[in-house]
1. Which trypsin sites (Lys or Arg not before Pro) from the range 76-153 combine a DSSP loop assignment with at most 13 other Cβ atoms within 10 Å?
2. Just the Cα atoms of the range 4-66: what Rg and Dmax do they give in Å?
3. Give me the Kirkwood hydrodynamic radius of the chain in Å, from all C-alpha pairs, to one decimal place?
4. Compute the acute angle (0 to 90°) between the alpha-carbon long axis of helix 29-44 and the principal axis of greatest extent of the alpha-carbon atoms of the chain; round to the nearest 10°.
5. Rounded to the nearest 10 degrees, what's the angle between the helix 172-182 long axis and the longest principal axis of the chain, both from Cα atoms, 0 to 90?
6. So how tilted is helix 50-65 from the main axis of the chain? Cα-based, degrees 0 to 90, rounded to 10.
7. Could you work out the helix-only [θ] at 222 nm for the chain, with each DSSP H run of four or more residues adding -39,500 (n - 2.57) and the total divided by the number of residues, to the nearest 500 deg cm²/dmol?
8. Long-range amide H contacts for residue 117: which residues qualify at under 5 Å (H placed 1.01 Å from N, peptide plane, sequence gap of 5 or more or a different chain)?
Amino acid sequence: MISIPTAVEAVIKKRPFLEVALVDGLINLSALARQLKPEIEQMVAKEVNDSAVIMALNRLVPRLGAVTSKKARGVVENIGDIIVRSNLANYTFNNSATLHMRQAKLLDKINEMKNIFCTFSQGVSETTLVVSDSLAELVETSFKGETLITKHTNLSLITVKLPSDNTLCPGVYYYLFKELAWDNINIVEVISTSNEFTIVVSDNDIHRAFAILMDAKQQGVYLEK
């Protein structure tokens, strides 16, 4: 059996937009406690008072707000270059014994090509390629026989260069992605290294996504909402 504060925290963390509204003081805690009480009671396997849930919420909010620290603000406001690239396609294949060989052959073929984009992201059971759409025919020929899971076209990407201390600061990715989610921007793919991350989005969303990230860089408004 878990405690009421633990149950309240678990419920809130499943609802990121609710979490943000709590930190910003936009929610009546009494009304929220009444709404959450049935779920809390199910988790703790007993009846609970509204006051116990309200007390747990009051103790939780400062901890949630701690993520919006001055250090996180400094990291986001010191974002480096933001690079946009369009005319992309995304392919995801099942991993196989022959996939690496096909990747190597594809890289050999495009080695001398100019103004093209190609990146691989390998997971446990699948591998994704994000490529210039001019390479679509070559990719489909090179990977013929592999199991294609998904294919997306009409995509663009944004690459953001982060300060080197970003890996030591909790909350940087959370708040950037939160801003994109607030504006209903769907992220098709995420590619990251230690000090860069790239999001792949639909061509229809690229202008709004770029504006949001630029706004975060210039003003840090993602912390002010």
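1. Of the trypsin sites (Lys or Arg not before Pro), the ones in loops of the range 76-153 whose Cβ has at most 13 other Cβ atoms within 10 Å are 114, 144.
2. Answer for the range 4-66, Rg first and Dmax second: 10.6, 31 Å.
3. Working: mean 1/r = 0.0492 Å⁻¹.
So the Kirkwood estimate lands at 20.3 Å.
4. 80 degrees
5. 90 degrees
6. It works out to around 40 degrees.
7. Details: 9 runs with 102 residues, N = 225.
Calculated at 222 nm, the ellipticity per residue is -14000 deg cm²/dmol.
8. Placed amide hydrogens put 132 under 5 Å from residue 117.
Here, each number is a calculation from the coordinates, and none is a lab measurement. The structure displayed is predicted, hence computed values, not measured ones. Don't worry about glycine lacking a Cβ; one is built from the backbone with ideal geometry, like all the others, and counts go over all protein chains shown.
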